[in-house]
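Each remark here refers to the structure printed beneath this line.
The values are calculated or read from the model by the stated rules, or taken from the named source; none is laboratory data. Small disclaimer: the values here were computed from a predicted structure and weren't measured. Ideal geometry is used to build each Cβ from the backbone, glycine not excepted, and the neighbour counts take in all protein chains shown. Just so you know, the surface numbers come from the protein's heavy atoms only, side chains and all, with ligands and any DNA or RNA stripped out. Shrake-Rupley method; radii C 1.70, N 1.55, O 1.52, S 1.80 Å.
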Amino acid sequence: MTPAPPGHAELFAAHYGSLVRLAGLLGADDPEDIAQEAFARLHTRRLRDEGAALGYLRSIVCNLTRNRLRHLRITRLRRPEPPEHARSSEHAVLVAEEHRELLAALDALPRRQREALILRYWLDLSEREIAEAMGVTPGSVKTHASRGLAALRGKL
Amino acid sequence: MNDLEERLRAALDARAQTYETSPTAWLRVQERRRGPLRRWGVVLVALPVALVALLVPVLLGGFQGGQVMTGPPPKPTPVGQALVIDNPAENRPMRLWLARDHEGALVFCRAVQYAGGASSDGCGSTFVNRESEAAWLEGSTESVPPREKVLAYGAARANVAKVTAVTKNGKRLDGALYRPSGAPLQIWTVAYPSTERIGRYEFAAADGAVLAREEPRAMLPASDQGEPAGPAVEMKGMSVRPYLTPDRTLIWTRGGREVGLNFVRAKDLMTDMGGRRYPVELRVNGDRWFGIARAGAAKVTLTRRGGASLEATVRTDPWKVGVSLFAGELPGSGDPYLEGFELVGHDASGKVLWREDHPADKPAWDPHPPIGEVVTLGEAKVWFSKVTLADGRTWDGLCRSMPGKKTTCNAFEPVATHYARRLPDLGTIAIGVAGTGITQVTAQKSETKGTIHAPAGAPLKIWTVPYPGGTETFDLRDARGELGMAIGGEPPSGCSVSPPVGRAATLAGGVTVTHQDGCLIMWRDGRQFTVEMRDFEDATYTYGDEIFTGIAIKGTARVEMVYDDGSRLVAAGTTPDPWGLGLVLFSTPAKKAEGGALVIGYDAAGKELWRLD
């Protein structure tokens with residue numbers, strides 16, 4: 001029998017909330033479902049250290065959200081129906097008016113640019129960490145982020 | 001950082017704060033971890049401490065990114081008795097109870113034993129935000145992939161008399177309400193097939209008024225989380241194909257429903273949490289066993305304890321994952337994990353590649369823990385235990401187990417020193433419980449001397465007499481040879497000594513009714529009246545203890561008792577039984593000490609339907 005690897009519970013306590021929010025910011029219709037699945041999958045992995053586990057969790061959240069959005073798009077194509085964005089109207093009210101325009105512009109960015117900006121400006125990740133989460137090279141992170149910022153600047 | 005970057009950061013922070021987290025999230029994560037459960041036995045058993053330590057402070061303070069707990073708070077203290085019920089999702093007992101955390105807040109706790117041998121327990125949300133609610137959902141056994149049945153559960157206040165799950169297509173599924181002794185809230189459960197999609201739970205008062213509703217969130221199927229990445233392979237009525245999820249997952253389906261997952265990305269493939277590789281991942285779904293094995297296995301056998309060896313169909317995966325796929329039939333009933341079994345993989349030449357021994361799965365906790373020594377009678381084992389009734393009270397019970405049969409417990413009312421009770425026969429042995437003053441037992445007709453067992457540490461004795469059947473009277477005497485009690489007549493059926501457990505209907509006058517295994521039991525103030533449904537015809541009733549109560553055929557709207565002086569007692573309303581028996585229940589306070597000799601049932605139009613003279 002294998003002893004329990006240390007730190008899963010602590011990781012959950014420390015990072016579950018932020019991973020739910022990351023999934024939400026990336027556009028997941030059910031951010032908790034994504035974050036819970038990420039933690040469930042963590043148990044298929046051996047934990048080297050907290051940093052490695054956290055990077056793995058972020059990458060799962062990114063991938064699951066990406067897949068989920070693709071699935072929703074396919075579903076909508078087959079059966080066109082609202083909602084365009086799964087967040088509730090209450091959510092819209094809660095976000096201050098001052099941020100609406102910027103967030104709408106962010107939502108309209110291509111997926112990779114949006115991901116790069118969220119990981120950079122909400123989670124304050126390094127280029128290497130962003131690259132790991134997105135499954136791209138650090139160089140392309142710089143490209144996506146700068147193009148995203150330029151696009152936002154242009155729209156505002 | 002320029003202005004746009006600062007604005008972007010502020011906007012993302014504002015949006016991020018709008019996403020809330022569920023207080024039962026950790027439990028939901030546990031429920032998803034249904035991969036190689038066998039591998040996680042130690043982990044899950046080790047979880048309770050971590051779980052309790054984790055959830056309580058998190059719930060009080062809310063989840064915050066970067067926040068780390070510095071020390072575990074005390075484990076919540078149980079309040080009232082734990083409810084032990086069958087969990088249909090795992091075919092194992094499950095415990096539900098209420099507790100108070102270190103700050104005195106009520107929390108809902110549950111312990112689950114999984115079919116693969118692992119178990120987990122923990123306490124979930126505090127009720128601080130539930131003060132104005134009549135009832136709510138606390139969790140369920142829903143999982144990905146789903147088990148055949150799901151058990152949803154939660155808490156309800158005293159004024160809730162009925163819980164119903166309403167499916168998305170409008171079907172209504174009744175739940176059960178329990179009142180554990182000493183608990184400040186009721187506990188409710190609803191069991192339903194996992195093919196049903198629950199739209200909402202409704203909680204109603206005795207008059208039918210809906211007091212609360214709650215909409216559950218369904219889990220995403222695994223196949224929703226990625227696109228198919230290869231053709232399906234059909235084996236033994238099941239289909240398996242890879243999906244491009246982040247981890248690359250093989251998803252097994254049967255009849256269109258997901259029944260198993262295997263994570264097959266190279267670094268995860270058949271690797272346990274310690275990074276060690278294992279040779280096989282087994283799943284069981286009803287009468288099928290299936291899974292993946294290390295590449296090279298050409299033959300996979302499963303040998304049940306004391307049973308025949310079963311051989312699976314084996315295929316090499318066509319997707320170059322590097323595994324052998326296997327699927328076989330599991331004839332007969334029983335649970336291989338409970339019985340124990342051995343899995344063996346062979347190569348094409350018949351050489352054994354690996355063996356996995358699965359010892360019989362021992363319960364993580366005993367739903368009927370023995371009080372005192374366990375007595376062995378041939379193949380059977382009997383012991384005293386406590387039995388929780390549907391109204392939360394606890395009676396003494398005598399439990400029995402036989403190889404291959406489900407453990408049953410017969411509850412009985414208190415037994416005095418020179419008193420005894422007979423319980424359902426144990427095969428060809430008459431058996432019962434006796435007070436501590438009883439030292440000898442004899443069958444009158446056959447003049448057979450029986451045995452008095454006095455299990456060490458038990459509160460009472462057990463008497464047994466070999467008995468060929470038929471009518472017999474058993475004399476139970478004390479050490480001086482004085483008769484304590486003679487018990488005659490037909491042996492009691494399981495009904496007459498069954499405890500009132502399960503879903504209860506509440507009637508006027510404090511009468512509660514349960515139905516289980518063909519026994520309908522009405523009880524009030526600790527006294528019970530039992531009806532065997534196979535003997536039931538038009539109606540039956542009991543009178544006394546200031547109550548007139550009974551059951552009658554469907555359509556009966558009013559029941560009248562005619563006293564000897566011609567006056568009448570009317571039970572004006574009837575309640576449909578909640579178990580789908582097609583009967584009605586009635587109850588009304590009695591007026592006189594003695595009941596009348598005539599009882600008549602009428603339909604809603606006043607037409608007489610039946611009468612009991």
Go through the stretch B:175-207 residue by residue and tally those that are outside any loop (DSSP other than H, G, I, E, B) and more than 18 Å from B:E148 (Cα to Cα).
-> 12
Among the residues of the stretch B:281-334, which ones are of a type in the set (K, R) and touching a Leu at 6+ places or on another chain (Cβ under 8 Å)?
-> B:R288, B:R294, B:R304, B:R315
Within the stretch B:542-570, how many residues turn out to be touching a Lys or Arg at 6+ places or on another chain (Cβ under 7 Å), at pLDDT below 90 and among the acidic types (D, E)?
-> 1
List every residue pair whose Cβ atoms lie under 6 Å apart, where the two residues are 6 or more positions apart in sequence or sit on different chains, the first residue falls within the stretch A:101-129 and is touching a residue at least 24 places away in the same chain (Cβ under 8 Å), and the second residue, located anywhere, is open to solvent by 40 Å² or more (accessible area, probe 1.4 Å).
-> A:L102/B:R7; A:A105/A:K155; A:Q113/A:R147
So, first residue facing chain A (nearest Cβ under 8 Å) and farther than 23 Å from B:G226 by Cβ in the stretch B:260-281, second residue modelled with pLDDT of 75 or more and surrounded by fewer than 16 Cβ atoms within 10 Å (Cβ to Cβ), Cβ within less than 6 Å, six or more apart or across chains; the pairs are none
Working carefully through the options B:G582, B:G544, B:G566, B:G596, find the one that is free of Cβ contacts under 8 Å to residues at least 24 places away in the same chain and either buried (at least 18 other Cβ atoms within 10 Å of the Cβ) or of a type in the set (G, A, S) (or both).
-> B:G566
Name every residue in the stretch B:320-339 that is in a loop (DSSP other than H, G, I, E, B) and surrounded by 17 or more Cβ atoms within 10 Å (Cβ to Cβ), in order of residue number.
-> B:V321, B:L330
Answer with yes or no whether A:R41 is at pLDDT below 80, over 19 Å from A:A131 (Cα atoms) and either more than 8 Å from chain B (Cβ to nearest Cβ) or open to solvent by 10 Å² or more (accessible area, probe 1.4 Å) (or both).
-> no
Find the residue count for the stretch B:367-379, including only residues that are farther than 27 Å from B:L83 by Cβ and without any contact (Cβ under 8 Å) to a residue 60 or more places away in the chain.
-> 3
Any chance the stretch B:397-405 includes a residue that's open to solvent by 60 Å² or more (accessible area, probe 1.4 Å), of a type in the set (D, E, K, R), modelled with pLDDT of 80 or more and assigned to a loop (DSSP other than H, G, I, E, B)?
-> no
Please verify whether the stretch B:329-340 includes one or more residues that are among the small types (G, A, S) and modelled with pLDDT of 95 or more.
-> no
Top-ranked residue of the stretch B:376-390 - restricted to ones that are of a type in the set (A, V, I, L, M) and open to solvent by less than 20 Å² (accessible area, probe 1.4 Å), ranked as modelled with the lowest pLDDT | B:A390
Taking the stretch B:152-188 and keeping residues modelled with pLDDT under 90 and within 14 Å of the chain's Cα centre (by Cα) leaves B:G175, B:A176, B:L177, B:Y178
For the stretch B:239-249, state whether one or more residues are within 26 Å of B:M270 (Cβ to Cβ), within 14 Å of chain A (Cβ to nearest Cβ), of a type in the set (V, I, T) and not in a loop (DSSP other than H, G, I, E, B).
-> yes
Output yes when any residue across the stretch B:68-89 is open to solvent by 40 Å² or more (accessible area, probe 1.4 Å), at the interface with chain A (Cβ under 7 Å from one of its Cβ atoms), farther than 24 Å from B:E142 by Cα and at pLDDT below 50, and no when none is.
-> yes
Per-region count, the stretch B:137-151, residues away from every other protein chain (no Cβ under 14 Å) and more than 9 Å from B:A89 (Cβ to Cβ) = 2
Here the residues within the stretch A:95-135 that are open to solvent by 50 Å² or more (accessible area, probe 1.4 Å) and within 12 Å of chain B (Cβ to nearest Cβ) are A:E97, A:E98, A:R100, A:E101, A:A104, A:D107, A:R120, A:D124, A:G135
Taking the stated definitions as given, is B:A597 over 34 Å from the mean Cα position of the chain (by Cα), small (G, A, S) and closer than 28 Å to B:G208 by Cβ?
-> no
Residue that is farther than 20 Å from B:R355 by Cα, surrounded by fewer than 22 Cβ atoms within 10 Å (Cβ to Cβ) and not hydroxyl-bearing (S, T, Y), where the choices are B:G286, B:G296, B:G260 | B:G286
Confirm whether B:I521 is farther than 20 Å from B:Y178 by Cα and surrounded by 13 or more Cβ atoms within 10 Å (Cβ to Cβ).
-> no
Inspect all residues belonging to the stretch B:102-124 and state whether any of them is in a strand (DSSP E or B) and at pLDDT 90 or above.
-> no
Please go through the stretch A:12-29 and pick out each residue that is over 11 Å from A:V61 (Cβ atoms) and open to solvent by 10 Å² or more (accessible area, probe 1.4 Å).
-> A:G27, A:D29
For the stretch B:407-451, which fully contained strands (runs of 3 or more DSSP E) count at least 3 residues that are buried (at least 20 other Cβ atoms within 10 Å of the Cβ)?
-> B:408-412, B:420-426, B:429-434
